Amino acid sequence: MAVGKVTFTKAEREKLAEVLWLLNWISVVTGAILFGLGIFLKVEIQKWQEVMSEQGILYVPHMLITTGLAACGINYLGSKICLDCADTNKFLRWKLVMMPYIVCTFFFTACVLAGALLCYSIRGQLEESLYQGLRNAMRFYKDTDTPGRCYLKRTLDLLQIQFQCCGISGYRDWFQVQWISGRYLDMTDGAVVDRLRSNVEGKYLMDSVPFSCCSTISPRPCVQHRLSSASSDFSYDHQRQPLNLWRRGCGQALLDHYTGVMQSIGLTVLLIWLFELLVLTGVRYLQTAMENVLRLGDPESESDGWILEKSLAETACYNFDIIKNLGKCYQVDDDPNINVPSVAAELEVPSQQVQVQS
Amino acid sequence: MTLLKMKFNQQRRVRLAQGLWLMSWLAVTGGAFIFCLGVYLKTELLRRDEVMENAEIHVVPNILMMVGLASMGTNWVASRVCQDSLDVSRFPRWKVPLLAWFAMAALLCCLLLTVVVLSYALQGSLEDSLKVGLRNGIRFYKDTDVPGRCFQKETIDRLQMEFRCCGNNNFKDWFEVQWVSSRYLDFTSQEVKDRIRSNVDGRYLLDGVPFSCCNPASPRPCLQNHLTDSRAHYNYEYQSEELNLYSRGCRQALTDYYMGLMNSTGPGVLSVIMIQMSVLLSMRYLQTAVEAAIASENPEGESEGYLLDKGVKETYQDVRAKVLGLLKFGQVDPSEDASGAAEGAKTADTEKAATPTPAS
């Protein structure tokens, strides 16, 4: 009992071939869209790559790019095949290619689905990478003279300005790192030496934040320094002044940004996957219908098309047997036509003469 | 002597009509492009409306938008004319509208050229407008509690950060203005009292700038206060410090931005002018060739097309005479009366001369 059996007349087969040709061309376009989405995501990730601790997340856009290119190629071939399938004579050209093509397309469609699911599941890894990366960036903020880290200050400042955030989870993160380089500290000054001695590691810690944490929507000029003492600036009560600095942490801001981007990309890829599945089903029906027509011999007659010839379980067993027997290629089997010299040759029983009864 | 005469047989006329039809649709696209350009320029100017004092520069995008729409309509009409040009029965009805069409197309070309010239000529006006607008913005920076000015601070901060500029001409403009509101000044502090007494107007002036002037590319954390005092900060030299703040003034930054925008659209506008001119010339050839063909006995045969019937000077004199004639339509002509009286006198004389002869 075939799975999903549908009967096709000749006119229906031709119509199916035409429709599939058009759908394959649309799939080429969606493949290009997939490619474009991959490039977009790669550019977005590379923009803030310096504040990510590992680059493993890049495999998502790489997968999208390769799948997009593969989609263009596979669907272009599919459109050529479908165009020829309307005619039984031309179909003979493609007969042997069809089955491998369908298997390839099936695996490729599974890759598209995997890409879509990756976009949703990458959040945990991204979060860890971002938090670790931001922690490092804040630690190396002051190292503008160290090669390899000299642009971290600018990157972090621009990040805080653009995403309107401060620190990793809040502005207090800046109180725990030394973000002013020793080059700009007057070591002869008593106040500086006191601060350096006030903590175990000898870091110059202060309750101030960089200028990029300042909020533009605050009605007062920015209060960056001496944030934890209430008597620092006139009429500044740090408990009650919500607008002076950005309140959001950059870890959360970046995570939200990338999650939003990847969710919309994931949704688009899912829709593309559904479309590809539809095209694959159509091509499978067309292939089986054309093969049955050839088997019946009469190009004008009706034929059946199906997704699977036997039921799912039987097909699975059949394929599994094929795979099992593939490995036995070079092994001896029990074919009686082959003369296999064996150890038991000496024990051979001499052939008995047939007694002819005279 | 006709100007630039060319012979057209039927096939060439057909090809001319087809080519002109394509070109007029290309010109419609050009018109749409000009319109979109105008809209884009207008939105960009409106975004920074708060730091511009007058809207003189808006004439450039306004003209672009009008010309874009008019060009789309005019060239659509041209494509209709092309479609009718090969049909002997339908072409004659376009005779008069075509004159209006030529005038319109010439006007559009002139307007586009004017726009190109204006976009350079109005640079001075834009700079002046920005100068006054930015000066006001900096003066009202502290007035975040005054209705109508409460967003000046945010506007100026965002402007300085986005365009990477500071102050009007440079960062020293902030030294001349009180940009810290009195609400946040502790009047019991000696330092504050000294500063307020140090100038005639009693303003709290300081040699500091807002945080939005800070340059993120500076290797050291931003120094905003006591900028003129080299001893106030360790390892700081006021004269040689370049990277700490943005060195460009916002007026220069904005002018450069808008001039760059208008210059980059220059080639596009010039190519649209070229397309429009070629549509105009081809339409003239088509009109004269088809009219000559229709007028001759054999509409399918050869005909001549030209740009102008007579030479340039004669055509100009003709047109001038016609226009003056139109203008004089309502006036009574005094020279006609005098000549009429002279003629009347002459006929009376001849009559008088005629009558005495039978008497004599």
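Starting at the first residue of the range B:288-300, write each ³J(HN,Hα) from the Karplus equation 6.51 cos²θ - 1.76 cosθ + 1.60 with θ = phi - 60°, in whole Hz, x for Gly and Pro.
The phi angles translate into 5, 5, 5, 5, 5, 5, 5, 5, 6, 5, 10, x, 8 Hz.
Roughly how far apart, in whole Å, are the Cα centres of the range A:96-168 and the range A:15-39?
28 Å
So which residues in the range A:151-187 end up with at least 50 square angstrom less accessible surface once the other protein chains are there, compared with the chain by itself, probe 1.4 angstrom?
Listed in order, they are A:Lys153, A:Tyr184.
Ignoring ligands, DNA and RNA and using a 1.4 Å probe, state the total buried accessible area between A and B in Å², rounded to the nearest 100.
Details: alone 21160 and 20970 Å², together 39800 Å².
Rounded to the nearest hundred, the buried surface is 2300 Å².
Among A:Thr259, A:Thr216, A:Thr268, which one shows the biggest mean-square fluctuation in a GNM of chain A, springs joining Cα atoms closer than 10 Å?
Judging by the Gaussian network model, the answer is A:Thr216.
Within a 10 angstrom radius of each residue's Cβ in B:220-226, how many Cβ atoms of other chains show up on average? Whole number is fine. All intermediate terms of the calculation are to be shown ahead of the outcome.
Working: counts 7, 15, 6, 2, 5, 1, 0.
Mean number of neighbouring Cβ atoms from other chains: 5.
Along the positive direction of the dipole of chain B (beta-carbon charges: Lys, Arg +1; Asp, Glu -1; about the Cα centre), which of B:Phe91, B:Gln252, B:Leu324 reaches farthest?
It is B:Phe91.
Can you list the residues of the range B:233-279 that have at least 20 square angstrom less accessible area with all protein chains present than in their chain by itself, probe 1.4 Å?
B:Tyr234, B:Asn235
Along the positive direction of the dipole of the range A:47-191 (beta-carbon charges: Lys, Arg +1; Asp, Glu -1; about the Cα centre), which of A:Ser53, A:Ala110, A:Tyr76 reaches farthest?
Going by the charge dipole, the pick is A:Tyr76.
If I take every Cα pair under 8 Å that is 6 or more residues apart in the range B:54-194, average their sequence separation and divide by the length, what percent do I get for the relative contact order?
Working: 73 pairs, mean separation 28.7, N = 141.
Once normalised by length, the contact order is 20 percent.
Using a 1.4 Å probe over the heavy atoms of the protein chains, calculate the carbon and sulfur portion of the accessible area of the range B:1-153 as a whole percent.
Numbers: 5340 of 7990 Å².
Solvent-exposed carbon and sulfur of the range B:1-153 make up 67 percent of the total.
Where the centroid of each part is defined by its Cα atoms, how far is the range B:86-165 from the range A:50-85 in Å?
Going from one Cα centre to the other spans 45 Å.
Over chain B, with a Gaussian network built from C-alpha contacts below 10 Å, which listed residue (B:Val177, B:Val28, B:Val96) shows the highest mean-square fluctuation?
Comparing B:Val177, B:Val28, B:Val96 in a Gaussian network model of chain B, the most mobile one is B:Val96.
Given the options A:Ala191, A:Ala114, A:Ala71, which has the most mean-square fluctuation in a GNM of chain A, springs set between C-alpha atoms less than 10 angstrom apart?
Among A:Ala191, A:Ala114, A:Ala71, the largest GNM mean-square fluctuation belongs to A:Ala191.
Summarise the accessible area of the range B:161-296 (1.4 Å probe, protein heavy atoms) by the percent that is carbon and sulfur.
Numbers: 3210 of 6200 Å².
Percent of accessible area from carbon and sulfur atoms in the range B:161-296: 52.
When Lys and Arg each count +1 and Asp and Glu each count -1, what net charge do the other residues less than 12 Å away from B:Ala292, Cβ to Cβ, add up to?
Details: positive: B:Lys5, B:Lys7, B:Arg13; negative: B:Glu291, B:Glu297, B:Glu302, B:Glu304, B:Asp309.
Summing Lys and Arg as +1 and Asp and Glu as -1 gives -2.
Of all GluC sites (Glu not before Pro) in the range A:9-65, which ones are in loop regions per DSSP and have a Cβ with at most 15 other Cβ atoms within 10 Å?
Those satisfying the criteria are A:Glu54.
Amide H neighbours of A:Phe8 under 5 Å, at least 5 residues apart or on other chains, H built in the peptide plane: list them.
Correct list: A:Ser303, A:Asp304, A:Gly305.
Roughly how many Å² is the accessible area per residue of the protein assembly as shown, as a whole number, for a 1.4 Å probe?
Values: 39800 Å² over 718 residues.
Result: 55 Å² per residue.
Counting only protein heavy atoms, what percent of the accessible surface of chain A is carbon or sulfur at a 1.4 Å probe?
Carbon and sulfur atoms account for 60 percent of the accessible area of chain A.
If you count, for each residue, the other Cβ atoms within 10 Å and average over each peptide, how do A:305-318, B:134-147, B:160-173 line up from highest to lowest? Walk me through the numbers on the way to the answer.
Working: A:305-318: 13.7, B:134-147: 17.2, B:160-173: 20.3.
Put in order of decreasing packing, that is B:160-173, B:134-147, A:305-318.
Taking the Cα centre of the range B:198-282 as origin and charging only Cβ (+1 Lys, Arg; -1 Asp, Glu), how large is the dipole, in debye to the nearest 20?
Values: 5 positive and 7 negative charges, 42 e Å.
The dipole of the range B:198-282 has a size of about 200 debye.
To the nearest 10 degrees, how steeply does helix A:88-121 sit against the main Cα axis of chain A, on a 0 to 90 scale?
With both axes taken from Cα atoms, the answer is about 30 degrees.
Starting at the first residue of the range A:135-150, write each ³J(HN,Hα) from the Karplus equation 6.51 cos²θ - 1.76 cosθ + 1.60 with θ = phi - 60°, in whole Hz, x for Gly and Pro.
Result, ordered by residue: 4, 5, 4, 5, 5, 9, 4, 7, 7, 7, 10, 8, x, x, 10, 5 Hz.
Count the net charge of all other residues whose Cβ sits under 13 Å from the Cβ of B:Ile196, scoring Lys and Arg as +1 and Asp and Glu as -1.
Numbers: positive: B:Lys193, B:Arg195, B:Arg197, B:Arg203; negative: B:Asp186, B:Glu191, B:Asp194, B:Asp201.
Surrounding charge for B:Ile196 is 0.
Write out the GluC sites (Glu not before Pro) in the range B:218-263 meeting two conditions: DSSP loop, and at most 11 other Cβ atoms within 10 Å of their Cβ. Walk me through the numbers on the way to the answer.
Details: sites: B:Glu237, B:Glu241, B:Glu242; in loops: B:Glu237, B:Glu241, B:Glu242.
The qualifying sites are B:Glu237, B:Glu242.
Enter the mean number of other protein chain beta carbons within 10 Å of the beta carbon of each residue in B:205-215, as an integer. Write down the numbers at each step before the final one.
Numbers: counts 0, 0, 0, 1, 1, 5, 12, 5, 1, 7, 3.
Across B:205-215, the average partner-chain Cβ count within 10 Å equals 3.
Taking θ as phi - 60°, what are the ³J(HN,Hα) couplings along the range B:77-94 by the Karplus curve (6.51, -1.76, 1.60), each to the nearest whole Hz, with x for Gly and Pro?
After applying 6.51 cos²θ - 1.76 cosθ + 1.60, I find 4, 4, 5, 5, 4, 4, 5, 7, 5, 8, 9, 4, 7, 9, 5, x, 6, 8 Hz.
Would you mind working out the magnitude of the charge dipole of the protein assembly as shown relative to its Cα centre, with +1 at each Lys and Arg C-beta and -1 at each Asp and Glu C-beta, to the nearest 20 Debye? Intermediate values should be presented prior to the final figure.
On the way: 70 positive and 76 negative charges, 277 e Å.
The calculation lands at about 1340 debye.
Taking the Cα centre of chain B as origin, sum charge times position over the Cβ atoms of Lys and Arg (+1) and Asp and Glu (-1), and report the length of that vector in debye to the nearest 20. Don't jump to the answer; show the numbers that get you there.
Values: 38 positive and 40 negative charges, 110 e Å.
Here chain B has a charge dipole of around 520 debye.
Counting only residues 5 or more places away or on other chains, whose amide H sits under 5 Å from the amide H of A:Leu245 once H atoms are built in the peptide plane?
Residues meeting the criterion, in which the H sits 1.01 Å from N, are A:Ser215.
First select every other residue whose beta carbon is under 12 angstrom from the beta carbon of A:Leu16; then total the charges, Lys and Arg +1, Asp and Glu -1.
+1
Students often forget the sequence filter, so: which lysines lie under 29 Å Cα-Cα from A:Lys80 once same-chain residues fewer than 8 apart are removed?
A:Lys5, A:Lys10, A:Lys15, A:Lys90, A:Lys95, A:Lys310
The values are calculated or read from the model by the stated rules, or taken from the named source; none is laboratory data. Just so you know, these numbers come straight off a predicted model, no measurement behind them. Positions of Cβ are generated from backbone atoms using ideal geometry, with glycine treated the same way; all protein chains shown enter the neighbour counts. Calculation scope for accessible area: heavy atoms of the full protein, side chains included, ligands and nucleic acids excluded. Shrake-Rupley method; radii C 1.70, N 1.55, O 1.52, S 1.80 Å.
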